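Values quoted throughout were computed directly from the atomic coordinates according to the rules given, and no laboratory measurement underlies them. It should be emphasised that the depicted structure is a prediction, and the values quoted were computed from it without experimental measurement. Cβ placement follows ideal geometry from the backbone for every residue including glycine, while neighbour counts extend to all protein chains displayed.
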Amino acid sequence: MTVLGIDIGGHSIKAGTIDTAGKILARKTLLTEADKGRKAVVSNILNLVKHFLSKDRQIAGIGIGIPGIVDAKGLIRYTPNIPLSNFNLGKQLRKLFKGKLAFGNDADNFALAAYKFGAGKGRKTIIGLTLGTGVGSGIVINGTLFSNNGAPELGHTTIQFDGPRAECCGNDGCIESFIGRKHFSEDPQAIYKEAMAHDKDALKTFTLYGTYLGVAISNFVNIFNPDVIVLGGEISNAYNLFRKTMEKEIKKRSLFRTRVVKNKLKHAGILGSAVLAF
Ligand SMILES: [Zn+2]
């Protein structure tokens, strides 16, 4: 059996077919083109699906990861970074494909992929965090994805009760208001390069990032006592720059011991989306 996994992100849409063992058979990526509006984004998604359906007649299911809130039938409620809020993607895909369609949140899918194929393999309870423009979260408890009408949203829990008013959720001092896009004075990739060249301010940006993240993670550890926490997303590439301060806070504040690791599984977004359709 082959399934198609599609991971819709703010910058690009990644898609690939996988077999039941999780082996990727073919892959293709298109730009999301969110700045061109909904019509362009939808057309890019549908074109990717058509591409794979024409190449592979064995596709039995399609799983789609959405960076936001989506129901099981593909009605997208809210996508802060791409123009798909209040759009029924399921209805559009149904016109192209009669097999199984499954939809899920991209961070949930990341956690599922880590649980099935990555750093969470063989573990029972894991948390996946996607560190990028925002902070996405997915939780697998005793082998089952915990999901409840858009929750969990660990990235919007509070780490400073009188902290700055967050644009993301309106809360004061939520995690994302500290370590989301605003934490970086310019493109995080650029700051990363500066940090690698020993620029002091750039290095401090990441050590401070680790402190905030460590405080946040210690709360998750005290609530869930997970076997492992897997970090993914663009910023996780700077793991070695924020690891030390992150671990210091976790050690200081957590009641339980847990492992926090950087995701090494390639194409986790595609794999996690595809898993939904099995
Ligand atoms: Zn928030």
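Of all the residues in segment 157-205, those that are near the ligand (Cβ under 10 Å from one of its atoms) and among the polar types (S, T, N, Q) number 4. Would you please name the residue that is nearest to the chain's Cα centre (by Cα), looking only at residues in segment 31-55 that are more than 15 Å from Thr79 (Cα to Cα), in contact (Cβ under 8 Å) with a residue 12 or more places away in the chain and surrounded by fewer than 16 Cβ atoms within 10 Å (Cβ to Cβ)? The residue in question is Leu31.
Those residues that are touching a residue at least 60 places away in the same chain (Cβ under 8 Å) and not charged (D, E, K, R), I need them from segment 65-77; list them, please. Those that are touching a residue at least 60 places away in the same chain (Cβ under 8 Å) and not charged (D, E, K, R): Gly65, Pro67, Ile69. Within segment 138-150, the residues that satisfy the criterion of being surrounded by fewer than 24 Cβ atoms within 10 Å (Cβ to Cβ) and not β-branched (Val, Ile, Thr) are Asn142, Gly143, Leu145, Phe146, Ser147, Asn148, Asn149, Gly150.
Could you say whether any residue in segment 62-73 is surrounded by fewer than 16 Cβ atoms within 10 Å (Cβ to Cβ), part of a strand (DSSP E or B) and not hydrophobic (A, V, I, L, M, F, W, C)?
no
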